[in-house]
Amino acid sequence: MQKAELLTIIEKMSPKEKVDQLLQLSADFYTDDAEDRTGPMETLDINETTIANAGTILGVSGAEKAMGIQKNYIENNSHKIPTMFMADIIHGFRTIFPIPLALGCTWSKEAVEEMASISALESSVSGLHLTFSPMLDLVRDPRWGRVMESTGEDPYLNSEFAKAMVTGYQGDDLKEDMSKVAACVKHFAAYGGAIGGRDYNTVDVSETTLREKYLPSYQAAIDAGAKLVMTAFNTIEGIPASGNKKLFRDVLRDEFNFKGPVISDWAAIKEMINHGVAADEKEAARLAIEAGVDIEMMTTCYDKHLLELIDEDPKYMDLLDEAVLRILELKNDLGLFENPYRGADPVKEKEVILSASHRESARKIAEKSMVLLENNGILPLSQETAIALVGPKATTGDLMGAWSWQGKFDEVVTIAKGLSAKGKNVTVASVESDLFENTTESLEEAKQLAKENEVVVLALGEADWMSGEAASRSDIRLPQSQIDLFNEVRAIAKKVIVVLINGRPLDLTAISEADGILEAWFPGTEGGNAVANILFGDVNPSGRLSMSFPENVGQVPVYYNTENTGRPYESAPDEKYVSKYLDVSNYAKYPFGYGLSFAKVAYEGIALNKETIDSSDETVEVTVTLHNQSEETTIETVQLYVRDLVGKTARPLKELKGFTQVALAGNERKEITLSLAVKDLAYVHPDLTWSVDPGEFHIMVGPNSRELDLVKTLVLK
Ligand code: BGC
């Protein structure tokens, strides 16, 4: 359909019909199906006509159901406008992939794109048109439960994954390619900065930090063509995002040139009353429409009050028309006017959902996402080893994580299943352990198994509801019962390996005596097989942390790209008057970029193809040699960091500016080159513009953000 035709439809619509287009309701309004709401419910007090005309629907799934709703919808709509189905497909539809924080640890854009592409296909055949993903909130505080939905703490890495996800979901042509769905960038902006890690809390961030650290990943997704943007729940500079004109009109639309619609988060327009910036729903509606929020999710401030606002001032009619046009354009971009059922296909649905190839992909990606945190030589295990598998995450299907709406526990390969299928001598504890309480029986069995076997694999961690939305924790240790279990087993067992299933970086002090620790995150449907393949050495772990693990909660937020301060710790950690704690170092327990493999790779030599450059248009080639000093084939993630020695604002001690994954055969030596575009050294100046200053830069290469022994100086004249 041409834009002119859309405008004709809009001309014919009554003001109330237009207002209804802006309303998003959940699926249960159409199906009497109360399952899977993701926010508080209240009586909306709307009539059948409003429900029949609400522009978009949240959380429908199943091809037949979606087609039935669509058929009804179009029949009842005087202008034959189709509805549009949106849902939270965050890391897989029915085939569940690792949580986004784990995807971040793959450092693989290909893996992330593949996850998005398979998620899109399964969603599309099930009738969905748009996913509320990617979530691109930069995260620094593991108390916040939603860190599991982010790819981590680094703007560069997050931006790379943002592009990969949008490409994977949307492909090149949404109108033609029915296997794709539209992507929604969220939560604009800086939701990850919630003070104290408490969900929905205030965000107070300087504009330089906002622009330099938080905004780049959203912008990368928008540049990659993402179709929708969702507002954040929080305030920024005291103004809730859903009514924040500067954020949406000035930054998103004028600067980032975003042309698509903006949707509020669940009830976020009405919540401006709670924030205390709107006296009532009418004022909340006014603030949101003025800010350029087009779709109201699950409250009815627009539906009840936009017409009154229009009566008072015709300028609101123009704002309404603009919003309706953007919504219809999105429907049109998806080809819904021509093909309102789009990819929905009950036959294909049966074929593709949870297919063997999707499972295989989920397993491979889970393997890439797991991070080996500790190994005193115990891993990999031989298949002959007598192994006891114990702990509350051993036999459970709770390996998917909080945002796996369509995932089913009984379709998950548990750790017990995975280990038993591969190991020749695996005994699984018969008494199921609880996450929060040890029974005498379960402890006794664990101790007995520890005595009888060579190795105990302890599967510990969080339940799915302990991370994700509305799941902040002030204590980020393992539950005490699990620490007790660890201690009892440790005291008896010859060797203890901990496999962790969790959605956030944890304080792991209590299990520091483990012989090996594998951070498996919430690995998804194929989690158990992926864990087994790593523990038995079929796969050499290659995951690297995309978010730092603190020593303890008091160190939070601890992230790698900090500034030096006027009294730097690094050069004089024992001095009194330096920026430090008395009781813990400034360093993360496991830093950004960290992860072990079964190989040992040495980094040798560093050379720049030019050490002095004249212009910021140039590119510098950085060469290092890797030497695999072991027999193991491995994948090494080579990381390139930069420090700008003197800036107009204090510059971080290191910033990731590039990385590459290199396959190395046993004992292989390989020279690799990373390119650094000098324009990528730009940062936000006090006048809020991005530019690169002349001067000296340290160029550093290494296996993680801490071990950066190879350093060269680059001079920009
Ligand atoms: C979450 C969003 C999600 C929406 C719809 C909200 O509570 O913050 O991330 O997309 O619900 O389910």
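The values are calculated or read from the model by the stated rules, or taken from the named source; none is laboratory data. Note that the structure is a prediction, hence the values are computed from the model and not measured. Note that we place each Cβ from the backbone using ideal geometry, even for glycine, and neighbour counts take in every protein chain shown. Areas reflect the complete protein model, heavy atoms only, side chains present, ligands, DNA and RNA absent. Shrake-Rupley method; radii C 1.70, N 1.55, O 1.52, S 1.80 Å.
Values as computed for the structure displayed
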{"item": "Alpha-carbon centroid distance for the pair the stretch 536-561 / the stretch 425-499, whole angstrom", "result": "21"}
{"item": "Solvent accessible area, Å² - I501, 1.4 Å probe, full protein context", "result": "0"}
{"item": "Separation between Cα centres of the stretch 190-265 and the stretch 597-647, rounded to whole Å", "result": "34"}
{"item": "Estimated dipole of the chain in Debye, rounded to 20 [Cβ of Lys and Arg +1, of Asp and Glu -1, Cα centre]", "result": "1060"}
{"item": "Charge dipole magnitude, Cβ of K and R +1, D and E -1 - the stretch 101-170, Cα centre, debye nearest 20", "result": "140"}
{"item": "Packing-based order for 511-522, 425-436, 651-662, 102-113, using average beta carbon neighbours within 10 Å, highest first", "result": "102-113, 511-522, 651-662, 425-436"}
{"item": "Fully extended contour minus Cα-Cα distance, from E452 to D617, at 0.36 nm per residue", "result": "52.9 nm"}
{"item": "Computed helical MRE - 222 nm, the chain, DSSP H runs ≥ 4 contributing -39500 (n - 2.57), nearest 500", "result": "-8500 deg cm²/dmol"}
{"item": "Fully extended contour minus Cα-Cα distance, from D687 to D475, at 0.36 nm per residue", "result": "72.4 nm"}
{"item": "Pairs from K12/K304; K71/K348; K180/K393; K670/K712 whose Cα-Cα separation, in the structure shown, is over 27 Å", "result": "K180/K393"}
{"item": "Long-range amide H partners of E374 with built H, under 5 Å", "result": "I517"}
{"item": "Shape call, the stretch 599-716: gyration tensor on alpha carbons, a/c limit 1.5", "result": "prolate"}
{"item": "Length-normalised contact order of the stretch 601-645 in % [C-alpha pairs under 8 Å, at least 6 apart]", "result": "44"}
{"item": "Charge dipole of the chain about the Cα centre (unit charges at C-beta), most positive-ward option of F256, N274, N158", "result": "N158"}
{"item": "Cβ-defined net charge surrounding T660, 14 Å radius [Lys, Arg +1; Asp, Glu -1]", "result": "-1"}
{"item": "Counting DSSP beta bridges with both ends in the chain, the antiparallel % (nearest 5)", "result": "55"}
{"item": "Calculated from backbone phi, Karplus (6.51, -1.76, 1.60) coupling profile of the stretch 251-258 in Hz, x at Gly/Pro", "result": "7, 5, 7, 6, 7, 8, 6, 7"}
{"item": "Extension gain (nm, one decimal) between R669 and S512, 0.36 nm per residue minus Cα-Cα", "result": "53.2 nm"}
{"item": "Ranking by accessible area, most exposed first, for V601, V499 with a 1.4 Å probe", "result": "V601, V499"}
{"item": "Neighbourhood net charge (11 Å Cβ-Cβ; Lys/Arg +1, Asp/Glu -1) for T131", "result": "+1"}
{"item": "Cα gyration tensor shape for the stretch 360-555, rounded if a/c is under 1.5, else prolate or oblate", "result": "rounded"}
{"item": "FRET efficiency, 1/(1 + (r/R0)^6) with R0 30 Å, evaluated for E110 and M1 via beta carbons", "result": "0.30"}
{"item": "Accessible solvent surface per residue of the stretch 527-659, calculated while the other protein chains remain in place, 1.4 angstrom probe, Å²", "result": "42"}
{"item": "Cα→Cβ-extended label distance, 7 Å offset, between K576 and T660, nm", "result": "5.1"}
{"item": "Rg and Dmax [Cα atoms of the chain; Å; Rg one decimal, Dmax integer]", "result": "26.2, 80"}
{"item": "Segments 367-373, 403-409 sorted - mean Cβ within 10 Å per residue, highest first", "result": "367-373, 403-409"}
{"item": "Residue-count net charge about E367 - beta-carbon cut-off 12 Å; Lys, Arg +1, Asp, Glu -1", "result": "0"}
